[in-house]
1. Check L154 against each of (1) part of a helix (DSSP H, G or I); (2) open to solvent by 40 Å² or more (accessible area, probe 1.4 Å); (3) touching a residue at least 60 places away in the same chain (Cβ under 8 Å); (4) of a type outside the set (S, T, N, Q) and name the one condition it does not meet.
2. Which residue pairs have Cβ atoms under 9 Å apart, sit 6 or more places apart or on different chains, and have a first residue in the range 187-211 that is of a type in the set (G, A, S) and a second that is modelled with pLDDT of 95 or more?
3. Among Y5, Y46, which is the only one that is among the hydroxyl-bearing types (S, T, Y) and either under 15 Å from the mean Cα position of the chain (by Cα) or not in a helix (DSSP H, G or I) (or both)?
4. With the requirement that a residue be assigned to a helix (DSSP H, G or I), open to solvent by less than 40 Å² (accessible area, probe 1.4 Å) and of a type in the set (A, V, I, L, M, F, W, C), what does the range 157-174 give you?
5. Quickly run through the range 115-151 and pick out the residues that are in contact (Cβ under 8 Å) with a residue 40 or more places away in the chain and of a type in the set (A, V, I, L, M, F, W, C).
6. Does the range 54-61 include one or more residues that are crowded, with 19+ Cβ neighbours inside 10 Å and either touching a Pro at 6+ places or on another chain (Cβ under 8 Å) or part of a loop (DSSP other than H, G, I, E, B) (or both)?
7. Which one of these does A22 not meet: (1) crowded, with 19+ Cβ neighbours inside 10 Å; (2) touching a strand residue (DSSP E or B) at 6+ places or on another chain (Cβ under 7 Å)?
Amino acid sequence: MYKLYTHNDLDGLGCAILAKLALKDDIDIEYCKGPDDLEEHLLKSYQDRSIFNYNLVYITDCSIPKDSDVFPYIAKHKNIRLYDHHQTALFLNEYPWAHVSVEFNGKLTCGTELFYNFLLEKGKITERKFFVEQVRLLDTWDWTNYTSFIPKYLSDLIFILALSNFVISFTEKLKKKDLNELTIFNQYERDLLEYESIKQEQYITQQTNPA
């Protein structure tokens with residue numbers, strides 16, 4: 001059994017979806033709000049020793065400050081693998097279990113892309129480039145340089161569907177092959193996104209033109 005601690009935004013959920021594709025039901029996932037929440041989750045699992053029940057523990061799109069109470073545990077735990085893209089986490093590269101990079105192939109990268117590259121290299125997953133790129137575009141804000149709103153719609157869907165439903169939906173979609181512009185959203189999701197867009201437009205209109 002494997003463990004994944006990941007962030008609860010689109011980038012973190014992208015890692016969760018890839019983990020489910022690669023490891024099927026052999027992965028236990030915990031979502032964290034940020035570094036402090038991750039520290040709390042990890043500290044508890046070390047104190048009750050439940051973390052040692054897993055063959056390997058992945059941490060994605062999150063990192064731990066060196067002055068954290070849990071850092072001494074992680075530093076000597078041989079079955080930890082961390083994949084992060086935040087500048088503040090670059091110091092972790094001095095440890096063999098950490099893989100931190102801000103850029104990949106000349107572009108800003110994200111946790112999902114770094115974790116994807118690892119899984120792809122290990123042969124645990126086949127190519128899912130389109131999906132991974134949409135996550136990267138959103139997380140790095142590169143999507144604002146393009147005309148496509150797919151990355152933003154993906155992020156919006158997390159709040160519309162709720163985290164667990166989003167992960168289930170996109171894990172199922174990506175099981176057999178990668179997605180594209182036409183298949184990334186089903187009709188139900190398109191309807192939800194359209195409805196949400198109308199609601200937002202009405203709210204903005206009400207705020208700018210009060211009765």
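1. L154 satisfies all of (1) part of a helix (DSSP H, G or I); (2) open to solvent by 40 Å² or more (accessible area, probe 1.4 Å); (3) touching a residue at least 60 places away in the same chain (Cβ under 8 Å); (4) of a type outside the set (S, T, N, Q) except (2).
2. S197/D156
3. Values: Y46 fails: either under 15 Å from the mean Cα position of the chain (by Cα) or not in a helix (DSSP H, G or I) (or both).
Every option except Y5 fails the conditions.
4. Matches in the range 157-174: L157, I158, L161, F166, V167, F170.
5. Within the range 115-151, F115, L119, I125, F130, F131, V132, V135, L138 qualify.
6. Of the residues in the range 54-61, the ones crowded, with 19+ Cβ neighbours inside 10 Å are 57-61.
When the remaining residues are screened for being either touching a Pro at 6+ places or on another chain (Cβ under 8 Å) or part of a loop (DSSP other than H, G, I, E, B) (or both), the result is 61.
Checked the range 54-61: at least one residue is crowded, with 19+ Cβ neighbours inside 10 Å and either touching a Pro at 6+ places or on another chain (Cβ under 8 Å) or part of a loop (DSSP other than H, G, I, E, B) (or both).
7. (2)
The values are calculated or read from the model by the stated rules, or taken from the named source; none is laboratory data. Nothing here was measured: the structure is a model prediction, and the numbers come from that model. As a convention, Cβ positions derive from the backbone with ideal geometry for all residues, glycine included, and neighbour counts pool all protein chains shown. Ligands, DNA and RNA are excluded from the accessible area calculation, which covers all protein heavy atoms including side chains. Shrake-Rupley method; radii C 1.70, N 1.55, O 1.52, S 1.80 Å.
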